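Everything below concerns the one structure shown next.
The values are calculated or read from the model by the stated rules, or taken from the named source; none is laboratory data. Worth saying up front: this structure is predicted, and the values here are computed from it rather than measured. Methodologically, a virtual Cβ is constructed for each residue, glycine included, from the backbone with ideal geometry; neighbour enumeration extends over all protein chains shown. Accessible surface areas use protein heavy atoms only, side chains included; no ligands, DNA or RNA. Shrake-Rupley method; radii C 1.70, N 1.55, O 1.52, S 1.80 Å.
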Amino acid sequence: MRVTRRTVAVGAAAWLFAPGATALEDPDGPLSAAEVSQIILEAVAKANGVPGMSAAVVRDGCVLWTGTTGSRDLERGLAVVPETAFRLASVSKLITATAAARLEDEGLLDVNAPIQDTVHYLSGAWPIMTARQLASHTAGLPHYQAIDTDRGRQSFASVRETVALFERRPLLSSPGERYSYSSWGYTLLSAVVEEAAGVPFLDYVATDVTAGLDIVPDTAPAAATDTLAYEIEGGSPKRAAPHDYSYSWGGAGFRAPAFALALFGDRVMSPAFLSDAAREAMWTPTRTNDGQAVTDDDSEVAFGWRITSSIDGERMAHHAGAAIGARSVLLVYPEQRVSVALLSNASWISSIERTAEMISAPIRDVPAGAGDAPCPVGARAFHGTFQDAHVTGTVRFQLEGGLCQGSVSADNAFGRWLNGFTQKPLAAFEVIALRADGRLDRAAFVSPIGAHEVRRGPEGGFQVDFGGGRSLEIVLQ
């Protein structure tokens, strides 16, 4: 495994660079932060078997980096380029929630008032519910059900037409009682936006939320540079069947290049777009009727956005998505005003939030790790623990361009666990330092389910936190 120079797109106009553009770096010097992020991105795509991926990092309105890897069209051999748009899947919900927050900021919507006061055509089958409950998945609406299996074969002309598909279905719980994820809730929230704005939902989004950004409805025909959608079948990517998301523009119906999505995240943090009060209200965790904070996995659920802590303990707002031909995520770090997008053209089982953090970490200039661990080029083996199991295996590391990069064998308990999720089991997992400084204090551990952080542990060992209470601790020999 040899570290080589990658072509990367860097700078304020990164989206203008095509593959083959060269970053202005000393070819004989240490690898740049952009090159390290590109190496991690490529390793993730290689491990997960997805045809194509793209990532971007924006700070204070400036695109610092756009990375691409793989194919947007396998049949024609076309590569992903910075302009390639991907399905956003449920990351589309952030656009809808932000549209509602902006309307409230403009005095056109009260997100805590009954939606029946705004959407007058509702049948009256449901009790009073609010836009805040819809955005936080506490309104009690069901998610897609068996009757919805073939919705993607039909095109719907209006939001009102799609609301009619489910507006008489029984609620799963009383509004405000508990969390229950519902994309139909976001179709209904898009109706609230539409009625409050007085114009069609897609028109309001285009003029007041995503204006100037290449974020558009996921409709055909797509732009020539856009990706096709794939599904992994029998271990290999196959072209996905056409799917029309017009039944849920607000829940899963947009597409965008990674840089445009990251710019949207940056826009949300801009005082010129939302007032501080509106933004904080949008990022304030929701509570159920009995006062309990609404949570999903390790995040609190706010107005559409999930709120959690980054790998370095910073506040982070985010949302991920999975759909036919898509796995996506948008992260924003308010204290740094940094926005990160990661997109792919097939759905895959992944820790995609942490993966986006690790891919962007070199660009975000994360704090250095504790200690001064040189690249362990002489190590050949390891021993340690994964959960309650003792693990052993082999390792190989090298140092080139200042970057420490190596591999850890997978014939052990953590290898079997990581390979058990995916269509593409690996014999070894890559470890890539986050800085080209000759050290291995902090690194990305790349497996089929994404990238997790490696940190220097006690007594010269290394630790990897996989989430969900699972961690690996090893000592190199």
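Working from Cα pairs under 8 Å separated by at least six residues, relative contact order for the chain is 19 percent.
Looking at the range 185-272, which GluC sites (Glu not before Pro) are DSSP coil and have at most 15 other C-beta atoms within 10 Å of their C-beta? Of the GluC sites (Glu not before Pro), not one in the loops of the range 185-272 has a Cβ with at most 15 other Cβ atoms within 10 Å.
Computed with a 1.4 Å probe over protein heavy atoms only, the accessible surface of the range 184-313 comes to 38 Å² per residue. Working note: Karplus 6.51/-1.76/1.60 with θ = phi - 60° gives the range 270-276 the couplings 7, x, 6, 9, 10, 5, 4 Hz, where Gly and Pro are set to x. Overall form of the range 389-477: prolate. Here a/c, set by the Cα gyration tensor axes a ≥ b ≥ c, is 1.5 or more, and a/b is the larger of a/b and b/c.
Taking only protein heavy atoms and a 1.4 Å probe, the accessible area of the chain is 51% carbon and sulfur. Fully extending the segment from residue 298 to residue 471 would add 60.7 nm, taking 0.36 nm per residue of separation and subtracting the current Cα-Cα distance. Peptides 282-288, 272-278, 137-143 ranked from most to least packed by the mean count of surrounding Cβ atoms within 10 Å: 137-143, 282-288, 272-278. Among the trypsin sites (Lys or Arg not before Pro) within the range 371-477, those in coil by DSSP and having at most 12 neighbouring Cβ atoms inside 10 Å are 380.
Report note on the peptides 322-333, 147-158, 250-261, 399-410: ranked by the mean count of other C-beta atoms within 10 Å, highest first, their order is 250-261, 322-333, 399-410, 147-158.
Axis angle, to the nearest 10 degrees, between helix 92-105 and the longest C-alpha principal axis of the chain: 50 degrees. The residue among 393, 262, 466 whose Cα reaches farthest toward the positive pole of the charge dipole of the chain, with charges on the beta-carbon of Lys, Arg, Asp and Glu, is 393. Its alpha carbons considered, the range 228-317 gives a radius of gyration followed by a Dmax of 17.5, 50 Å. If you take Cα extents along the principal axes in Å from the coordinates, which of [x] 69, 48, 42; [y] 71, 47, 45; [z] 110, 47, 40 do you get? This structure yields the entry labelled [y].
For the chain, the list of Cys residues with no other Cys C-beta under 4.7 Å reads 62.
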